[in-house]
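The numbers here are math on the coordinates, done by the rules we state, and not lab data. Fair warning: this is a prediction, and the values are worked out from it, not measured in the lab. Here Cβ is always computed from backbone atoms with ideal geometry, including for glycine, and neighbour counts include all displayed protein chains.
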Amino acid sequence: MKCSRCHEEAVIYYPQSRQALCAEHLKEYIERKVKRAIERFKMLKRGEKVLVAVSGGKDSLMLWEILVDMGYDTEGLYIDLGLGEYSKSSEEYSRGFAEERDLTLRIVRVKEDHGIDIVAAAKRLRRPTCSVCGTVKRYIMNREAVEAGRVLATGHNMDDEASTLLGNLLTWNGEQLLRASPSLPSTHPKLARRIKPLIYVSERESATYCFSHGIKYIIPECPYSEGARLSVVKEALSKIEDRSPGSLLNFVDGFYRKSEGILCRRNGGIKEGVELKPCPLCGYLTSSSGPCAFCRLKSLFSSGE
Ligand code: SF4
Ligand code: ZN
Ligand code: ZN
């Protein structure tokens, strides 16, 4: 099949518009979607620098390449979560990507740099591994972005966003829905601005982009993944998209357009009424009266409890 815009071989076909695109026109199309998201949600001001959180997966690596090609000043951030072979492999892909393009990649090691063993902490606290891991990732991403004076960009794509929104709707998780936003402003010097420039880009597009532009990425999922419910939602959404192409885009875009003014995104995604105070140990913000959740995790390993 030929590209609808030139005579090159097509790499992707869009049934809803009956258009086929070659690798270069797919790139142009994705860049337009990223630009639209950045402008629509006022994600970046002129001259702002970006810290791209990379996991070695297709979305984050593609996002980094696209932002570089669009002319943004970027650095990558890879967090070594200490999850065995999975973390080793993710790091290799992230490093390989940065080295090939001569880009700066910051690496933070959760065990070596902060003394936290995520899996052991989850067992000791009888919490799901993903919950402890999420706490650690959020803290490190924010802290690194604040220290680097950069806006934090993550590679959440449209499918991720749609399944998170629908998952939260199915359980009426009002708090999460109220805090959802592709662009959370910084409301405090210790809180980085957080953006998701890929919310209009589908998983199929990013996989095709990486394949056709020679980006090598990690394919196996994290062995601790506990996204069973979300996978069911994702599967259901993928069926809806197959039967009615364009539904996911309508859902995600519609959700944010229609809910504008209702959501508390002006508050940096923090629940109204929640007072944040500096953690007495690290100085980053917390809603708890003592040390923040990250410092409490650290203390599990330093006090010999
Ligand atoms: Fe962490 Fe869970 Fe993601 Fe694995 S699946 S990286 S444990 S949040
Ligand atoms: Zn073309
Ligand atoms: Zn702290």
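List every residue whose amide H lies under 5 Å from the amide H of Cys279, counting only residues 5 or more places away in sequence or on a different chain, with H placed 1.01 Å from N in the peptide plane.
Under 5 Å from the amide H of Cys279: Tyr284, Leu285, Thr286.
Over the chain, with a single point scatterer placed on each C-alpha, what log10 of the ratio I(q)/I(0) does the Debye formula yield at q = 0.10, 0.12 1/Å?
Results for the chain at q = 0.10, 0.12 Å⁻¹ read -0.58, -0.86.
Based on DSSP H runs of at least 4 residues, each adding -39500 (n - 2.57), what is the mean residue ellipticity at 222 nm of the chain after dividing by all its residues, to the nearest 500 deg cm²/dmol?
Computed mean residue ellipticity for the chain: -15000 deg cm²/dmol.
Around Lys45, with a cut-off of 13 angstrom between Cβ atoms, what is the net charge of the other residues, counting Lys and Arg +1 and Asp and Glu -1?
Computed value for this residue: +2.
Take the chain, connect every pair of alpha-carbon atoms lying under 10 Å apart with a spring to form a Gaussian network, then pick out the residue of Pro128, Pro15, Pro245 with the largest mean-square fluctuation.
Checking each option, the largest mean-square fluctuation is seen for Pro15.
How about Lys196: which lysines have a C-alpha closer than 22 Å to its C-alpha, ignoring those fewer than 8 places off in the same chain?
Leaving aside lysines fewer than 8 places away in the same chain, those within reach of Lys196 are Lys27, Lys33, Lys35, Lys42, Lys45, Lys49, Lys58, Lys137, Lys216, Lys234, Lys258, Lys271.
Read phi for every residue in the stretch 199-206 and hand back ³J(HN,Hα) as whole Hz from Karplus 6.51 cos²θ - 1.76 cosθ + 1.60, θ = phi - 60°, with x for Gly and Pro.
3J(HN,Hα) across the stretch 199-206, in whole Hz: 5, 9, 9, 7, 4, 4, 5, 6.
Using amide H atoms built in the peptide plane, which far-off residues or other-chain residues are under 5 Å from Ser225 H to H?
Amide H neighbours of Ser225: none.
Can you give me the relative contact order of the stretch 32-121 as a percent, contacts being Cα pairs under 8 Å and 6 or more apart?
Normalised by residue count, the contact order of the stretch 32-121 is 26 percent.
Just to confirm the number: angle between the C-alpha axis of helix 247-258 and the first principal axis of the chain, 0 to 90 degrees, nearest 10?
Computed tilt is about 60 degrees.
Expressed as an acute angle from 0 to 90° and rounded to the nearest 10, what is the orientation of the C-alpha long axis of helix 158-170 relative to the principal long axis of the chain?
With rounding to tens, the tilt is 60 degrees.
Please report the antiparallel percentage of DSSP beta bridges with both residues in the chain, rounded to the nearest 5.
Just about 40 percent of them are antiparallel.
What is the local net charge at Ala20, summed over the other residues whose Cβ is closer than 15 Å to its Cβ (Lys, Arg +1; Asp, Glu -1)?
Residues close to Ala20 contribute a combined charge of 0.
Would you mind checking the tilt of helix 23-40 against the longest principal axis of the Cα atoms of the chain, expressed as 0 to 90 degrees and rounded to 10?
So the inclination is approximately 50 degrees.
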